[in-house]
Amino acid sequence: MTTGGTTARVKSADRTLELLELLAGSPDRRTPAELARDLAIPKSSMHGLLQTLVRRGWLEVDSSGSRYGLGPQALRAGGAYLRADRAVRRLTPVVERLHQEFDATVRLGRLVGDEVVCLVSRERHGPPTGPGRQAPARDTAMGAVLLARWAAPEPIPAGGEWARIRAQGYALAPEDADGVPAWCVAVAAPPRLGPYDAIGVSFHGDPPAPERSRAVAGAIAAAVTAELTGRTGFSRGRH
């Protein structure tokens, strides 16, 4: 009986997390029928789960009472995660300084599985995109520089993509910035601070020349060093 109860509690926890993860990745609110179908959960079980999470503030329902999305408790949990994260605290000022220096979109991202999750962003135009935005790691400069750091086996073969990125100390890749095609130069954070974190600076227009990319990468690294050592200035890569 005890074993069966433990298994039931674990299954319930799995269902709760799967539901929250599904809604976190959905651009729109979802109906109970859609959620039950996508998660292969009986409709009666889904109804009880939704009601419990609404009462606890993890979910909220729209005015029609038929569509569910994440609630304020999810926002509180995400904010607590960022406030408690040492790398976010130390590197947010770097994002701010690089944003002012280059007048460009600057983001701090973290490698989570095969995706990069945005932790901090400062857009060139408009409000920040906010934390939580995800993108496939291989499609982003931040993801590429972090995958190169953790590429296996060791040592990585000479002449390959990861070896090239490691040797030059940065990655360059196309991306979308402020809804406009752009190119991002990304540098990994120091392993002791954020082993899975990187900072990317994005520029609209054509891909920057190699010397420009190297200068931007140097400015990112210098800004991080300045923040960690308490120095007030850092190399200006825009000139």
Simple spin-label estimate for THR52/ALA40, 7 Å along Cα→Cβ, in nm, reads 2.1
Mean 1/r over distinct Cα pairs of the range 47-130, inverted to a Kirkwood Rh in Å, yields 15.1
Helix 210-229 sits off the longest principal axis of the Cα atoms of the chain, rounded to the nearest 10 on a 0 to 90 degree scale, by 70
So the angle from the long Cα axis of helix 43-55 to the longest Cα principal axis of the chain, reported in degrees to the nearest 10, equals 60
Here the gain from full extension of ASP85 to ASP62, 0.36 nm per residue of separation minus their alpha-carbon distance, amounts to 5.0 nm
Given 138-149, 29-40, the highest-first ranking by average Cβ count within 10 Å works out to 138-149, 29-40
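Based only on Cα atoms, what Rg/Rh ratio does the range 1-95 have, Rh being taken as Kirkwood's radius?
Working: Rg = 16.2 Å, Rh = 15.0 Å.
Taking Rh as the inverse mean 1/r over Cα pairs, Rg/Rh reads 1.08.
Ratio of alpha-carbon Rg to the 2.2 N^0.38 Å globular estimate for the chain, to two decimals, please.
Details: Rg = 21.1 Å, N = 239, 2.2 N^0.38 = 17.6 Å.
Output field value: 1.20.
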Expressed as a percent, the accessible surface of the chain that is carbon or sulfur, using a 1.4 Å probe and the full set of protein chains, is 56
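Place the peptides 90-101, 181-192 in order of packing, highest mean first, counting for every residue the other Cβ atoms within 10 Å and averaging per peptide.
Values: 90-101: 18.8, 181-192: 20.8.
By packing density, highest mean first, the sequence is 181-192, 90-101.
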Note: probe point = Cα of GLU18 + 7 Å toward Cβ; backbone nitrogen < 19 Å; residues of the range 66-82 passing the test are 68-70
Sorted largest first, the Cα spans of the range 102-151 on the principal axes come out in Å as 35, 22, 14
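Using only Cα atoms, what is the ratio of the radius of gyration of the range 68-116 to 2.2 N^0.38 Å?
On the way: Rg = 13.8 Å, N = 49, 2.2 N^0.38 = 9.7 Å.
Rg over 2.2 N^0.38 Å, computed on Cα atoms: 1.43.
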Distance in nm between ASP206 and ALA77 label points, each 7 Å along Cα→Cβ, equals 4.8
Per residue, accessible area of the chain with a 1.4 Å probe, heavy atoms of protein chains only, in Å², comes to 54
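The values are calculated or read from the model by the stated rules, or taken from the named source; none is laboratory data. Worth saying up front: this structure is predicted, and the values here are computed from it rather than measured. All Cβ positions, even for glycine, are placed from backbone atoms using ideal geometry, and neighbour counts span all protein chains on display. Surface accessibility is based on the protein's heavy atoms, side chains included, excluding ligands, DNA and RNA. Shrake-Rupley method; radii C 1.70, N 1.55, O 1.52, S 1.80 Å.
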